[in-house]
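The values are calculated or read from the model by the stated rules, or taken from the named source; none is laboratory data. The structure displayed is predicted, hence computed values, not measured ones. Positions of Cβ are backbone-derived with ideal geometry, glycine not excepted, and every protein chain shown enters the neighbour counts.
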Amino acid sequence: MFEIPTFMILLSMLLALVSAIIGKTIYDKILAVNIFGTVTVLFIALFGFLTKRPEFLDIALVYALINFISTVAILKFFEYGDISASSIEKEKGDI
Amino acid sequence: MTAIEILSGILVILGSLSIIVGLLGVYRMPDFFTRLHAASVIDTLGTILILFGLILYAGLNIVSIKLLLILIFILITTPTAAHALAKSALHGKLKPMTDDD
């Protein structure tokens, strides 16, 4: 019963990868990778139900964590040029 | 096949359709910020429909509690990631498209 949605989700994972390759700016690529991660979490959850083994859900939970952390880390790297940079703006003092 | 299973199948198929629609939006939209808007359909509508359909199919046990945890986690983190993406794009001198373009 879950064959058709699993196939559609596989197709959308392929579309997200192609979108990540042909994206013009770096932000388009990061957006496509973020979509790919979200769709992968749904794919893992559906695949567990497809094979009657829902133990894969722990992997889906961990994948959601890794997806969020990696997106924020890559964004911080491209915004400040350094992952360990402080995001608080420096005081400009009296000008 | 009971009514609950049919309902959960309909919800899962609707969710995967909305994922396809969101990806078509990512391909068709002209600007980065509009693409971000289209991608939010995947993160909210597709995720809620698919995971809620799976919760209905699983019944009340440890599997559905794990699915609910995944749903809550995704609903918290993906808007945060989208906000960080838009803020980073604005900070990186990416101008939103206006009527003049």
Problem set entry | Output for the stretch B:14-32, where each listed residue is surrounded by fewer than 17 Cβ atoms within 10 Å (Cβ to Cβ), in a helix (DSSP H, G or I) and of a type outside the set (Val, Ile, Thr) | B:14, B:17, B:24, B:27, B:28
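Let's see how each residue does on (1) surrounded by 19 or more Cβ atoms within 10 Å (Cβ to Cβ); (2) at the interface with chain A (Cβ under 9 Å from one of its Cβ atoms):
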| residue | (1), (2) |
| --- | --- |
| B:7 | no, no |
| B:12 | yes, yes |
| B:35 | yes, yes |
| B:69 | no, yes |
| B:88 | yes, yes |
Problem set entry | Qualifying residue in the stretch B:51-61 (condition: more than 7 Å from chain A (Cβ to nearest Cβ), of a type outside the set (A, V, I, L, M) and surrounded by fewer than 16 Cβ atoms within 10 Å (Cβ to Cβ)) | yes
Problem set entry | Residue that is farthest from the chain's Cα centre (by Cα), among those in the stretch B:14-33 that are among the hydroxyl-bearing types (Ser, Thr, Tyr) and within 7 Å of chain A (Cβ to nearest Cβ) | B:27
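To keep it simple, each residue is scored yes or no on (1) in contact with a Lys or Arg (Cβ under 6 Å, 6 or more places away or on another chain); (2) within 20 Å of residue B:35 (Cβ to Cβ); (3) at pLDDT 90 or above; (4) buried (at least 19 other Cβ atoms within 10 Å of the Cβ).
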| site | (1), (2), (3), (4) |
| --- | --- |
| A:4 | no, no, no, no |
| A:23 | yes, yes, no, no |
| A:48 | no, no, no, yes |
| A:54 | no, no, no, yes |
| A:59 | no, no, no, no |
| A:71 | no, yes, no, yes |
| A:75 | no, yes, no, yes |
| A:82 | no, no, no, no |
For this session: For the stretch A:1-36, name all the residues that are under 10 Å from the mean Cα position of the chain (by Cα) and either more than 9 Å from chain B (Cβ to nearest Cβ) or of a type in the set (Val, Ile, Thr) (or both).
Result: A:30, A:33, A:35, A:36
Exercise. Restricting the search to the stretch A:34-68, which residues are of a type in the set (S, T, N, Q) and without any contact (Cβ under 8 Å) to a residue 12 or more places away in the chain?
Worked result: A:51
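Could you please find all residues in the stretch B:71-85 being surrounded by 13 or more Cβ atoms within 10 Å (Cβ to Cβ), more than 9 Å from chain A (Cβ to nearest Cβ) and under 23 Å from residue A:74 (Cα atoms)? Break it down into steps so the answer makes sense when it comes.
Initial filter on the stretch B:71-85 (surrounded by 13 or more Cβ atoms within 10 Å (Cβ to Cβ)): B:71, B:73-75, B:77-79, B:81-82, B:84-85.
Imposing the further condition that a residue be more than 9 Å from chain A (Cβ to nearest Cβ) reduces the set to B:71, B:75, B:79.
Answer for the stretch B:71-85, where residues must be surrounded by 13 or more Cβ atoms within 10 Å (Cβ to Cβ), more than 9 Å from chain A (Cβ to nearest Cβ) and under 23 Å from residue A:74 (Cα atoms): B:75, B:79.
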